[in-house]
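Each reported figure results from applying straightforward, stated rules to the coordinates on display, with no laboratory input. Because the structure is a prediction, the values reported are computed rather than measured. Every residue, glycine as well, gets a Cβ built from its backbone with ideal geometry; the counts of neighbours run over all protein chains shown.
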Amino acid sequence: MLKHKTSVLFVDTEGKDKRTLQIPTSILLNWRKYLLVATLLFALLGSVIAFFIYDYTSSYYSVLYKERLTRANQIRNAIDIDKAKKSFQSIDSSFKKINGYLKDRGLKELKLENAGGPLDVEITDINEIAALYEKDLFIMEKLIRDIPIGRPHPGPQTSNFGYRRNPFGGSAVENHQGVDFKGRVGSAVKSTAQGKVIFSGRKGGYGNCVIIKHRNGFQTLYGHLASIHVKQNDVVQLGQTIGGLGNTGRSTGPHLHYEVIKNGKRINPKDYINF
């Protein structure tokens, strides 16, 4: 049985173009009902789509949150906070000691803002990195403490290492095996490294002289002293006053004669005066 239909005639504004459309009569009579059903269906469909979108995004962010939480817990478990704190405190202590050593020698201090490092570092490696820097700085601290670096006296340098004209006159040339620092008689002469006194007393043309043995085959010699404040076999610290500047021995005026000896051979102190 055919359903009853109603013909609807569509005519344009000029009355030329005409179209006929057949629509079931029940729709025309009950269009409000059908519109309501269609609206409900669209609303239901929209709700279903919204639910799936919400469920997907909620699951995504839930997974992302769980991943980040897991990562945070891994980092927390991987880093030993107390150990890292002690390492950084040790690093700070080493820097302070190193800068103290440099200051005692009249040298510029190290600046932390000049320090650098790799950028591609995992935060979980912080303990290993801190331990590495702590170890390296400790080695550096020992080297700076034990190697004769810097100036034993703040006065101006008046004579260099190597051949020079005889300061006592004439045309003769002599090999000067150290460097000289001019100063006031009695002003402090300081050890340029930690070590043990192996000679303290009068030594020919050096006059009053102190020789200190350091680690790694180094020795330092301090000559023409007016006074000596240490004796043989004394252990001296870096920057310790070992005597007073003078004019004893073969000298043309108050000054300190300073030598650096490496494995029994006298070397140019210039390479060690500046850090």
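Please give the net charge around Gly246, taking every other residue with its beta carbon less than 14 angstrom from that of Gly246, where Lys and Arg add +1 and Asp and Glu add -1. Summing Lys/Arg as +1 and Asp/Glu as -1 gives +4. Computed log10 I(q)/I(0) for the stretch 157-273 at 0.18 Å⁻¹: -0.88, from the Debye equation with unit scatterers placed on every C-alpha and solvent omitted. Within the shell of other residues whose beta carbon sits under 11 angstrom from the beta carbon of Pro269, the net charge comes to +1, with Lys and Arg scored +1 and Asp and Glu -1.
With 21 Å as the limit, the listed pairs Lys182/Lys231; Lys108/Lys265; Lys97/Lys142; Lys231/Lys270 have Lys182/Lys231; Lys108/Lys265; Lys231/Lys270 beyond it between alpha carbons.
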